[in-house]
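One structure below.
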Amino acid sequence: MTLSIHTRRQLGYAEGYLLLGLKTEAAEALSEITQPERDATPVLIMALAVHTDCADWANAARVGAIVCGREPQEAGHWIQWAYATRRHSGILDARTILMHGLGLHPREPMLHFNLACYEAQLGNLDYARAFLETACGLDEAFAKLAQTDDDLAPLRW
C-alpha cells in the first residue's frame, strides 16, 4: 500500500516529535491518520515507538506482536516487542518472544544479551552465562555493557 501524503506527513511529524521528546505530540500526530492507513505497517512501527516511549506497555506489546508478524526479518522488532511484553506481562512471556526471535536471528547479539538478562533475573545463571558469552562473542561492546546492567547483577555475585 502506498501511503497518502497526509499519512507520510503525520509519520514525519510523529518521528520528529519523538526525537524532541514530545511524546504527547507524537501520539497526536499518529491519531490524525485514518483507516485504512492506520493499520499500515509503517504506521504500526511508529505506533510501537510512540507506545514504548509513553510507557504504554499493553499497547506496545499488542502492536509489537502485529509488527513482528508482518516483518519477522527485522530483529529490532522482536527486541521492542519483548521489551514491552516484559513490562506488561513479565519476563517469562518476554523470554518466549526472544527465543522465537533468536530462532530467526541467531547472530543478533542484542537478542542473546537480553536473554542473558532474563535468565539471570529468573535465576538460571548457567543459561545467562551462555547467552552472555554468545552476545559478547558476536559484539565485544556487550562485555562492557554487562558490567553495569542491573539485570545481570546475579552473575557478578
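What follows draws every value from the coordinates through simple rules; no lab data is involved. Computed from a predicted model, the values in this text were never measured in an experiment. Cβ: placed from backbone, ideal geometry, glycine included. Neighbour counts: every protein chain shown.
Annotation for segment 62-70: no member residue is β-branched (Val, Ile, Thr), surrounded by fewer than 18 Cβ atoms within 10 Å (Cβ to Cβ) and touching an Asp or Glu at 6+ places or on another chain (Cβ under 8 Å). Taken over segment 26-66, the residue count meeting the criterion of being under 26 Å from ARG95 (Cβ atoms) and small (Gly, Ala, Ser) is 8.
Just one of the listed residues (THR85, THR96) is of a type in the set (Ser, Thr, Tyr), closer than 28 Å to ALA143 by Cβ and without any contact (Cβ under 8 Å) to a residue 12 or more places away in the chain, namely THR96. Of the candidates THR2, THR7, the single residue that is farther than 25 Å from TYR127 by Cα and in contact with an Asp or Glu (Cβ under 9 Å, 6 or more places away or on another chain) is THR7. Restricting attention to segment 1-27, the residues that are touching a helix residue (DSSP H, G or I) at 6+ places or on another chain (Cβ under 6 Å) and not aliphatic (A, V, I, L, M) add up to 6. Annotation note: of GLU32, GLU37, the sole residue that is surrounded by 15 or more Cβ atoms within 10 Å (Cβ to Cβ) and farther than 30 Å from PHE113 by Cα is GLU37. For segment 148-156, the criterion of being closer than 17 Å to LEU44 by Cβ and either of a type in the set (Val, Ile, Thr) or part of a helix (DSSP H, G or I) (or both) is met by no residue. Scanning segment 126-144 for residues that are over 22 Å from THR85 (Cα atoms) and either out of contact with any Phe, Trp or Tyr (no Cβ under 6 Å at 6 or more places or on another chain) or small (Gly, Ala, Ser) (or both) gives ASP126, ARG129, ALA130, GLU133, THR134, GLY137, LEU138, ASP139, GLU140, ALA141, ALA143, LYS144.
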